[in-house]
Each structure stands twice: as structure tokens, then as C-alpha cells.
């Protein structure tokens, strides 16, 4: 594999970097740098800034309104987005449901939903997890009863990320209970503001509102909000999950975090004339994390090479999911170690990152707490290891 930078990509990199430095909303970058959650209006502002430029749906083909970039250009774009500190794009629309719609949806569904997704004007949530199901997605019990002209939905979804910002939710519902548990599952889209749907916030340990429980009571949806065939939702969900697990990599963001923690540790006193970076244990853990990110990047590049040759992320995406979450947790542990007692501060007490008064501590500790969940959501790392053993290694 040739890992040398392609010189023909440098004009593209320069264009992307200039946009983020000069044209992307500065107030969004400043708030994100402090680790403070964005409001719904700010999420829309961030994503429509990319959508107006035509860059929000960066991996979409031109046929469906994407920029038609090569795999290499997409990779450069993601690197520069994360280097600039742009908020992570809410993936439920552009990464998850958008490709499902343009791959399996009808022409009417494409015309109805794709423009709002790629512009950033319409937000989406994902309704997969349910209370009591854990990572066994096929055990879902959410009910969609067939009636004339559509379905009636009853049940609840949990750990629903960004539902408080969303206009629509795509979900898996059981329409048939007579066969295997992977059968009889249907992929349905539903508006979140219609009668019978209620979003209940879940406040996490870091005090943030990123997750929700969404309940449905006798919610009516028409047939034209079903994607693909009835009972084929499991097939569509597996297509989606390959994209989801690959999207966890975020190499550029991890490298930025590593640069930040190295800079902090190179200045922060650690007793006597020593700096934190001189502590053998800390330096060893930092090196381990840097090697982990290098390894993750190699695997992502291999998968992207396969995709560019006409393949799909496939079951190998589970490897990315495991390494991405483990390296993120390694890095955030370094921030906690550096923060020490300053990690007890609240967000409102912190200022812009500055090692001298440990302003990095509050967002660093928040990132640590939030990152612990990464090895659980999207299918636990233990589940991913089973997938690798059975479907990749054939054990």
C-alpha cells in the first residue's frame, strides 16, 4: 500500500482548509472547542453551512446530489473537518438513512427525503435499540401492525442519539412474528412531531443531553414511508451498519486530540523540574495511543481501497468499530490523567483550553465519560468480536 501523500490532492486540501478557516461559522467552532453541547438551531446552522457548500453528503455520488468525490478526496475532507474542530456531522441522515433511501427507496422517496438530508435542513434519528434487547438487534419487539394503507406503530426505542434535534426517525419494526427473529422486520420512517410520538431526554453522567427514549402509541404511518419490501428490514439494516461502524474511525479528530494532549503534557509541571511528558508511564500510554491510531488508519485505508474497487465495508467494519472505540478511550484517559483534581470542575467554571489553569479539564473529562459508551453503542465490542470470528475468520 502506497501511503505517500498524493500531490494532486493538495489543491483540494487547500480549498477545504480555506473554507473551514474563513467561511465556516466561527461561533460554532468556538463553542465546540469548549466541549459545550450545541442547540438544535446551532446543529442546523453547522450542517446547513456544509450543505450550502454541497459538502454535507460528502460520500454521496453525484447522481443523488453528492460532490462525487473519490475515496481519497473524502478522506482528505474528513481530515480537514476534524483538524478544524468542526462538530461531528450527525450521521443518522447523511451516513445512515440517506444511502439506504437512494439504494433501496422508490423514486418518490428519493425526491421527498434526499434534498433535506443533503442540505442539512432536516434532521434524522435512528430507532434501533430497545429496552431489554441489548446488542441483539434481531430480538426487537417494536410492533408495526398492518392496516389498510399503512401501519400502526407501538413500542419504544432507547438510546436514540440526537432525537431532540431530529424531524424524522427511521426505525426497525416487527411486522411478522411467525419465522426466524431476523425475518419479519420492516424498515419504516416516521415524523417525530406527529401525535403519539414522544421524546424523553436521557441525561448522561457528564450532564449532557445526547440520548433519548422515544415512545410510540398508536402512531399511524402510510405505506409510502416504508423503505423497500415488508419483512426485509434486516437486510437493509445490515447494509446501514457497515457504513455506521466504518464512520466511527474519525482519524483526523483522534490525531488532533493526540496533538493537544502532547502539547499539554509538554508544558504541564509534574513535580520538581519534570514535565508530565517526562513521566515514563504517561509517555508510554501516549505512545500506545499514537500507535493505535496509526493501526486504525491502516485498516480504514484497506477498507476504503476495497470500497473504491466496488466493494462494501462488509464485516471487516467490525474491526474498525473495535479499534476506533478503544483508541478513543485510550486518548480520553490521557486527558483525565493530565486533568487530575482539575477534572472536578464544572463546564461553567472552565475557560478556553489553557494548561495553566487546566481549562482543558472539564471538556476532557466530559469526553472521557462520553467515550466510555462507544464500546457499547452500535453493537458492543464483544458482539463485534463474535462477528469477526464467525464471518471474517470463519471460526
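The values are calculated or read from the model by the stated rules, or taken from the named source; none is laboratory data. As the structure is a prediction and not an experimental result, all values here were calculated from the model. Here Cβ is always computed from backbone atoms with ideal geometry, including for glycine, and neighbour counts include all displayed protein chains.
Among the residues of segment 210-229, are any within 30 Å of residue 338 (Cβ to Cβ) and not assigned by TED's automatic domain parsing to the domain that holds residue 318?
Checked against the condition, which is being within 30 Å of residue 338 (Cβ to Cβ) and not assigned by TED's automatic domain parsing to the domain that holds residue 318, segment 210-229 yields at least one hit.
Does segment 113-144 hold any residues that are at pLDDT 95 or above and more than 17 Å from residue 171 (Cβ to Cβ), and which are they?
114, 115, 116, 118, 119, 120, 121
So which helices (runs of 4 or more DSSP H) stay within segment 1-55 end to end and still have 2 or more residues that are touching a strand residue (DSSP E or B) at 6+ places or on another chain (Cβ under 6 Å) and closer than 30 Å to residue 208 by Cα?
Result: empty, no element qualifies.
Quick grid of which residues meet (1) at pLDDT 90 or above; (2) touching a strand residue (DSSP E or B) at 6+ places or on another chain (Cβ under 7 Å); (3) not assigned by TED's automatic domain parsing to the domain that holds residue 75:
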position: 266; (1), (2), (3): no, yes, yes
position: 270; (1), (2), (3): no, no, yes
position: 288; (1), (2), (3): yes, no, yes
position: 292; (1), (2), (3): yes, no, yes
position: 307; (1), (2), (3): no, no, yes
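Quick one: how many residues across segment 30-65 are surrounded by 15 or more Cβ atoms within 10 Å (Cβ to Cβ), out of contact with any helix residue (DSSP H, G or I) (no Cβ under 8 Å at 6 or more places or on another chain) and modelled with pLDDT under 95?
2
Is it fair to say residue 238 is surrounded by fewer than 21 Cβ atoms within 10 Å (Cβ to Cβ), modelled with pLDDT under 90 and farther than 30 Å from residue 295 by Cα?
In short, no.
I'd like to verify a number: residues in segment 173-184 that are touching a strand residue (DSSP E or B) at 6+ places or on another chain (Cβ under 8 Å) and more than 15 Å from residue 150 (Cα to Cα), how many?
The qualifying residues number 1.
Just to be sure I understand the filter: pairs with C-beta atoms under 9 Å, separated by 6 or more residues or on different chains, first member in segment 383-395 and closer than 18 Å to residue 133 by Cα and outside the structural domain of residue 321 (by TED's automatic domain parsing), second member loosely packed, with under 11 Cβ neighbours inside 10 Å and at pLDDT below 85. Which pairs pass?
Cβ pairs passing all conditions: none.
Quick one: is residue 373 modelled with pLDDT of 80 or more, under 19 Å from the mean Cα position of the chain (by Cα) and in a helix (DSSP H, G or I)?
Answer is yes for this residue.
Return only the number of the condition from (1) surrounded by fewer than 18 Cβ atoms within 10 Å (Cβ to Cβ); (2) assigned by TED's automatic domain parsing to the domain that holds residue 220 that residue 111 does not satisfy.
(2) is the only condition that residue 111 fails.
Modelled with pLDDT of 95 or more and closer than 21 Å to residue 237 by Cβ: which single residue out of 152, 199, 221 fits that description?
Answer to the selection: 221.
Just to be sure I understand the filter: pairs with C-beta atoms under 9 Å, separated by 6 or more residues or on different chains, first member in segment 61-85 and at positive phi and free of Cβ contacts under 8 Å to residues at least 40 places away in the same chain, second member surrounded by fewer than 19 Cβ atoms within 10 Å (Cβ to Cβ) and outside any loop (DSSP other than H, G, I, E, B). Which pairs pass?
Listed pairs, sorted by first residue: 68/62.
In segment 66-85, which residue that is in contact with a helix residue (DSSP H, G or I) (Cβ under 6 Å, 6 or more places away or on another chain) and part of a loop (DSSP other than H, G, I, E, B) is nearest to residue 224 (Cα to Cα)?
Filtering segment 66-85 for residues that are in contact with a helix residue (DSSP H, G or I) (Cβ under 6 Å, 6 or more places away or on another chain) and part of a loop (DSSP other than H, G, I, E, B), the one nearest to residue 224 (Cα to Cα) comes out as 68.
Pairs only if they're at least six apart or on different chains, beta carbon under 6 angstrom, first in segment 117-138 and surrounded by fewer than 23 Cβ atoms within 10 Å (Cβ to Cβ), second at pLDDT below 90 and not in a strand (DSSP E or B); list them, first residue then second.
Between residues of segment 117-138 that are surrounded by fewer than 23 Cβ atoms within 10 Å (Cβ to Cβ) and residues that are at pLDDT below 90 and not in a strand (DSSP E or B), the close pairs are 133/139; 135/379; 135/380; 135/383; 138/181; 138/182.
Considering segment 114-153 alone, what residues qualify as being under 24 Å from the mean Cα position of the chain (by Cα) and farther than 29 Å from residue 376 by Cβ?
Of everything in segment 114-153, those that are under 24 Å from the mean Cα position of the chain (by Cα) and farther than 29 Å from residue 376 by Cβ turn out to be 114, 115, 116, 118, 119, 121.
Where in segment 98-215 are there strands (runs of 3 or more DSSP E), lying fully within it, with 1 or more residues that are touching a helix residue (DSSP H, G or I) at 6+ places or on another chain (Cβ under 8 Å)?
Ranges flagged: 124-127, 150-157, 168-174, 185-191, 197-203.
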